[in-house]
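The values are calculated or read from the model by the stated rules, or taken from the named source; none is laboratory data. As the structure is a prediction and not an experimental result, all values here were calculated from the model. Methodologically, a virtual Cβ is constructed for each residue, glycine included, from the backbone with ideal geometry; neighbour enumeration extends over all protein chains shown. The protein model used for the area step is the full one, side chains on, heavy atoms only, and it has no ligands, DNA or RNA in it. Shrake-Rupley method; radii C 1.70, N 1.55, O 1.52, S 1.80 Å.
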Amino acid sequence: MEEHGTEYVGTVFVLPESRAFELKTTMNGVPVTLHGTVSQHLAEQFAGHTTDTTVDVRQLAMQPRRVEVLTRDIHERHRAPRKVHFLMRVLDGGDQTVRRDASAHA
């Protein structure tokens, strides 16, 4: 099994309750759609359960975003190799991040 993180710029769609995402981007000039799972930490930010930053899921697809996707290449015996994608971070803050006041949660 191999893992590598890559930054992409594209339109990201998230289903927060099922922790699924779809990223429409381009690789070498060819349109590509990546499907996968949202990481636990980012899912907590979407739900507003963290004290630092909350990401508004409704604003994500409004414009292209810069995101980090972890790709895991899985090689199993007697099976075809496959890739599993995890949305790790939304890197450009833009309008979708809201700074939470830590004193409001004390």
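General remarks:
- Within this structure, Phe46 passes the test of being in contact with a strand residue (DSSP E or B) (Cβ under 7 Å, 6 or more places away or on another chain), surrounded by 13 or more Cβ atoms within 10 Å (Cβ to Cβ) and part of a helix (DSSP H, G or I).
- Some residue of the stretch 16-30 being open to solvent by 20 Å² or more (accessible area, probe 1.4 Å) and touching a residue at least 24 places away in the same chain (Cβ under 8 Å): yes
- Qualifying residue in the stretch 88-99 (condition: modelled with pLDDT of 90 or more and under 19 Å from Met1 (Cα atoms)): yes
- Any chance Arg72 is open to solvent by 40 Å² or more (accessible area, probe 1.4 Å), over 15 Å from Val14 (Cα atoms), among the basic types (Lys, Arg) and at pLDDT 85 or above: yes
- The residues of the stretch 3-15 that are hydrophobic (A, V, I, L, M, F, W, C) and open to solvent by less than 30 Å² (accessible area, probe 1.4 Å), listed by number, are Val12, Val14.
- Restricting the first member to the stretch 75-87 and to residues that are closer than 16 Å to Ala43 by Cβ, and the second to residues that are not in a strand (DSSP E or B), the beta-carbon pairs closer than 8 Å and six or more apart or on different chains are Phe86/Ser39; Leu87/Ser39; Leu87/Leu42.
- Looking only at residues in the stretch 75-89 that are open to solvent by 100 Å² or more (accessible area, probe 1.4 Å) and in a loop (DSSP other than H, G, I, E, B), the one that is nearest to Tyr8 (Cα to Cα) is His75.
- Members of the stretch 33-43 found to be assigned to a strand (DSSP E or B) and open to solvent by 40 Å² or more (accessible area, probe 1.4 Å), listed by number: Thr33, His35, Thr37
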